[in-house]
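Asks: Pasting a structure here, questions to come.
The numbers here are math on the coordinates, done by the rules we state, and not lab data. Just so we're clear, the structure is a prediction, and the values are computed from it rather than from any experiment. Counting neighbours? That spans all protein chains shown, and the Cβs are built from the backbone with ideal geometry, glycine included.
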Amino acid sequence: AKLTADAVLPLSARPRALAGTEPIVCIGASTGGTESLRDVLEALPPDCPGLIIVQHMPEHFTAAFARRLDGLCAIAVKEAEDGDAVIPGRALIAPGGLHLLLQRSGIRYTVAVKDGPLVSRHRPSVDVLFRGAAQCAGANALGILMTGMGDDGANGLLEMRRAGALTVAQDEESCVVFGMPKEAIERGAAAKVLPLERLSHEIIRFGHAPAQRQPA
């Protein structure tokens, strides 16, 4: 049986999104995502919101992927380590073979990197990342589900939307594989459907729009 995010992070009552908390961006991608992510991250300025990314990749490949992006982008990009802070101008990429969970300590966000069963047939799983964002960040988060096969992230994006987050799915035209975004759109999880070239603008806009992020 295919496991849900419950296997790693149980559903809990949503904590209130704190006023004064930094905006954060969570991105999930799979097939076709490595090049598409590069397009998005290369277009971001150094003062963009902190990003947390799950790209389905085998173990040992994510560190090199993060280093390559770090060399190409104005923002810093690194493979996430347990306890890393989510800070503006930096993207944390989930290590292959491990789940990445968002946590909140006071008004700061950090990540936990942990083992666990496959969720939605993947580890790292986008559903696990998005659930953590729904629970910890609520309306302070922007969730983006990009190109990929299957449905990992569709349920998590819906949880984010219900928690007050802004949610975006990549459009069919610009996806290499329209599986994950299509599932999210069909479940009513995406408030917006945007082409790849508009995703970086949406991230920048979100970082500059505190009016959207009122405490719940």
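Asks: What fraction of the DSSP beta bridges in the chain is antiparallel, stated in percent and rounded to the nearest 5?
Replies: Counting only bridges with both partners in the chain, antiparallel ones make up about 25 percent.
Asks: Still on this structure: How are the alpha carbon pair distances in segment 116-216 distributed across 10 Å bins from zero to the largest one, expressed in percent?
Replies: Pairs per bin, as whole percents: 18, 49, 29, 4.
Asks: If Lys and Arg each add +1 and Asp and Glu each add -1, what is the summed charge of the other residues whose beta carbon sits under 10 Å from the beta carbon of D6?
Replies: 0
Asks: With a 10 Å radius around each residue's Cβ, average the other Cβ atoms per peptide and rank 157-165, 74-82, highest first. Mind showing how you got there, number by number?
Replies: Working: 157-165: 23.4, 74-82: 17.1.
Sorting 157-165, 74-82 by mean packing, highest first, produces 157-165, 74-82.
Asks: Right, something else. Over every pair of different alpha-carbon atoms in segment 1-111, take the mean of 1/r and invert it; report that Kirkwood radius in Å.
Replies: That comes to 14.8 Å for segment 1-111.
Asks: Another question, if that's okay. Any idea what % of Cα-Cα pairs in the chain are farther than 25 Å?
Replies: Values: 6121 of 23220 pairs.
Percent of Cα pairs beyond 25 Å in the chain: 26.
Asks: Would you list which aspartates and glutamates come within 14 Å of K182, measuring only between C-alpha atoms, while excluding same-chain residues fewer than 8 positions from it?
Replies: Qualifying aspartates and glutamates at Cα under 14 Å: D151, D152, D171, E172, E173.
Asks: Mind putting together the pair-distance distribution for segment 67-120? All Cα pairs, 5 Å bins, whole percent per bin, short to long.
Replies: 5, 19, 26, 22, 17, 9, 3
Asks: Here's a follow-up. Of the listed peptides 187-199, 115-127, what is their order by residue-averaged count of other C-beta atoms within 10 Å, with the highest listed first?
Replies: Averaged packing, sorted descending, gives the order 115-127, 187-199.
Asks: Determine the shape class of segment 172-213: with a ≥ b ≥ c the square roots of the Cα gyration tensor eigenvalues, call it rounded for a/c under 1.5, and otherwise prolate if a/b is greater than b/c, oblate otherwise.
Replies: Oblate, because a/c is 1.5 or more while a/b does not exceed b/c.
Asks: How high is the relative contact order of segment 72-154, in percent, with contacts defined as C-alpha pairs under 8 Å that are six or more residues apart?
Replies: That works out to 24 percent.
Asks: Counting Lys +1, Arg +1, Asp -1, Glu -1, what net charge surrounds H56 among other residues with beta carbon under 11 Å of its beta carbon?
Replies: Combined, the nearby Lys, Arg, Asp and Glu give +1.
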